[in-house]
Amino acid sequence: MEREAFERWLESVSTTFLTLSDQQRNQALDQLISLSGAAQLRHLSNGLETLLKRDFLRLLPLELAFYLLRWLDPQTLLTCCLVCKQWNKVITSCTEVWQSVCRELGWRTDESIQDALHWKGVYLKAKLRMMQLKDQEAFETSSLIGHSARVYALTIRMASWSDDLSAKLWDVRTGQCIYGIQTHTCATVKFDEQKLVTGSFDNTIACWEWSTGARIQQFRGHTGAVFSVDYNDELDKLVSGSADFSVKIWSLSTGICLNTLTGHTEWVTKVILQKSEVESVVHSPGDYILLSADKYEIKVWPLSREINCKCLKTLAVSEDRSISLQPRLQFDGRYIICSSDLGVYQWDFASFEILRVIKTQDPANLSLLSFGEVFALLFDNHFLYVMDLRTEAISGRWPLPAYRKSKRGSSFLAGVTSWLNGLDGGNDSGLVFATSMPDHSIHLVLWKENG
């Protein structure tokens, strides 16, 4: 066929083809394909590959490619890295994509670090840590041996107090006692680099000097065992909660009782002295707030020397006292967290409204150790649990031995808790959990190194 005649024919066929329905077009193409030889089929294959298998990562602007990659799940991204060198280069260079998948795993990201290869490596480590949590391979155990009687109180960094009237500081990695001092019987403790404050079953509070072991102050006034203490050097104040149902405010330096707060009708098992970070009708940001808790209520107090000082707010999970609170109270200036027989409650400190209730299968036996922004650490009689607070699903668990039970919760504690606000590749190390044992030893759960 002459060229001009062919072009007229092709134009006529094309015009007719455009008038057909989709089904008719498909039938026409099927007929043409059936009449085609090897040369035509090869031409068709090459043309379709160019049309249908375009490398969009190579053709699209880099910003648009990064936007599309953000919609892929992490495993798909890793698979895409294997397609070719160009894909691997583009995907690996997208900082925002890898930061995003790290955040999805509960890992904190430093926005100032813009090295995409760094964040890809962080993701791979994060993925490994989460798999280890799921497979019960993230932790390891150790024991501290040195007390000759029941260990009543534990506190972070790591210190212990026992019926043998000794206080000991430990190196949790080596298991060695750094040094110890003689004290009185301790129900609760708090300490810093220079001193430690102990609440005792003999109804007194004492302040001890680490360097000499000498008692530098004593606080007398409670008529029942002192179950909780907290202090602030800047305010020169110490607060205490007791089995006599009272909360006392003391001068830390002189030992003088500044005020006695009444209103509890049960043992006061926890007191917290903390600066508020939010504003409400009854307090402003920066105000120091005192929280106290008993078996049924949490009370919020001002730090006042006014006689018959009234509490600012009373929180409870049931008006008829049918639901008990566990002695696991946490307050960071924004939220109040407490576990109960019904589950873990979170209150907004600005409004005192309940924000959420985390209910588990067996809330009466599951206790809160520590609550973060991303994870929570909980335990029962048999296991230690890591919960993802975004889904309330258990990310992992770890078996526990038959530890010594404590109704007040002083014989077990959470270790370093910064990772609960999000793992960052460096804070998944050190002590996770400690508890006293019936044989007077201390059982430790630690992050396994080089996870």
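The values are calculated or read from the model by the stated rules, or taken from the named source; none is laboratory data. For clarity, every value in this text was computed on a predicted model and none was experimentally measured. Backbone-built Cβ (ideal geometry, glycine too); neighbour counts: all protein chains shown. Note: areas computed on protein heavy atoms with side chains; ligands, DNA, RNA excluded. Shrake-Rupley method; radii C 1.70, N 1.55, O 1.52, S 1.80 Å.
Defining a contact as two alpha carbons under 8 Å apart and six or more residues distant in sequence, what relative contact order in percent does region 187-335 show? Show your work: numbers first, answer last.
Numbers: 372 pairs, mean separation 21.5, N = 149.
Reported relative contact order: 14 percent.
Distance check, please: which entries in Lys237/Lys313; Lys275/Lys448; Lys248/Lys295 exceed 28 angstrom between their Cα atoms? Present the calculation step by step, with values, prior to reporting the outcome.
Working: Lys237/Lys313 21 Å; Lys275/Lys448 34 Å; Lys248/Lys295 18 Å.
With Cα atoms farther than 28 Å apart: Lys275/Lys448.
Suppose accessible area is computed on protein heavy atoms with a 1.4 Å probe; arrange Arg58, Arg356, Arg173 from highest to lowest. Kindly include the intermediate steps, with their values, before the conclusion.
On the way: Arg58 145, Arg356 60, Arg173 100 Å².
Largest accessible area first, the list is Arg58, Arg173, Arg356.
Using a 1.4 Å probe, what is the accessible area per residue for the chain, in Å²?
51
As a test question: what accessible area, to the nearest 10 Å², does Val357 have when a 1.4 Å probe is rolled over all protein chains in place?
50
Can you put Thr265, Thr212, Thr92, Thr198 in order of accessible area, largest first, using a 1.4 Å probe? Mind dumping the intermediate values first?
On the way: Thr265 70, Thr212 95, Thr92 20, Thr198 0 Å².
Largest to smallest exposure gives the sequence Thr212, Thr265, Thr92, Thr198.
Ranked by accessible surface with a 1.4 Å probe, highest first, in what order do Leu124, Leu252, Leu32 come?
Numbers: Leu124 85, Leu252 15, Leu32 105 Å².
Highest to lowest solvent-accessible surface, that is Leu32, Leu124, Leu252.
Using the Karplus curve 6.51 cos²θ - 1.76 cosθ + 1.60 with θ = phi - 60°, what ³J(HN,Hα) values do you get for each residue of region 355-361, in whole Hz, with x for Gly and Pro?
Rounded to whole hertz, the list is 7, 7, 10, 9, 9, 10, 5.
With the Cα gyration tensor of region 279-336 giving a ≥ b ≥ c as the square roots of its eigenvalues, does the rule (a/c under 1.5 for rounded; else a/b larger than b/c for prolate; else oblate) give rounded, prolate or oblate?
Numbers: a/c = 2.10, a/b = 1.52, b/c = 1.38.
Prolate.
Which option, [x] 103, 86, 50; [y] 66, 55, 43; [z] 116, 50, 39, is the value of Cα extents along the principal axes in Å that was calculated from these coordinates?
It is the one labelled [z].
Report the charge-dipole magnitude of the chain in Debye, nearest 20, computed about the Cα centre from +1 at each Lys and Arg Cβ and -1 at each Asp and Glu Cβ.
Details: 46 positive and 52 negative charges, 136 e Å.
Its charge dipole is roughly 660 debye.
Quick check: the distance between the Cα centres of region 243-300 and region 72-90, to the nearest angstrom?
One Cα centre to the other: 55 Å.
Students often get this wrong, so check it: of Lys134/Lys168; Lys127/Lys270; Lys127/Lys190; Lys127/Lys359, which have C-alpha atoms separated by over 32 Å? Don't skip to the answer; put the middle values down first.
Values: Lys134/Lys168 34 Å; Lys127/Lys270 37 Å; Lys127/Lys190 36 Å; Lys127/Lys359 27 Å.
Going by Cα-Cα distance, Lys134/Lys168; Lys127/Lys270; Lys127/Lys190 fall outside the 32 Å limit.
Determine ³J(HN,Hα), in whole Hz, for all residues of region 225-240 in sequence, where each value follows from phi through the Karplus function 6.51 cos²θ - 1.76 cosθ + 1.60 and θ = phi - 60°; x replaces Gly and Pro.
4, 9, 9, 7, 9, 8, 8, 9, 5, 4, 7, 6, 10, 10, 10, 9
Non-local amide H neighbours of Thr188 (under 5 Å, H modeled in plane, Pro and chain starts lacking H): which ones?
Amide H to amide H, under 5 Å and 5 or more residues apart or across chains, Thr188 pairs with Gly199.
What is the set of long-range amide H partners of Lys237 at a cut-off below 5 Å, with H atoms built 1.01 Å from backbone N?
Correct list: Asn232, Leu252.
Normalised by the residues of the chain, what does the relative contact order come to in percent, with Cα pairs under 8 Å and at least six apart?
11
Of the heavy-atom accessible surface of the chain (probe 1.4 angstrom), what whole percent is carbon and sulfur? Before the final figure, lay out each step's value.
Working: 11950 of 23020 Å².
After summing per-atom areas, the C and S share lands at 52 percent.
Tell me, what HN-Hα J-couplings in whole Hz come from the Karplus equation 6.51 cos²θ - 1.76 cosθ + 1.60 at θ = phi - 60° for each residue of region 383-397, using x for Gly and Pro?
Running phi through 6.51 cos²θ - 1.76 cosθ + 1.60 with θ = phi - 60° gives 9, 9, 10, 10, 10, 7, 5, 6, 10, 6, 9, 7, 7, x, 9 Hz.
Check Lys313: other-chain or 5+ apart residues with amide H under 5 Å from its amide H, H built from backbone geometry?
Val300
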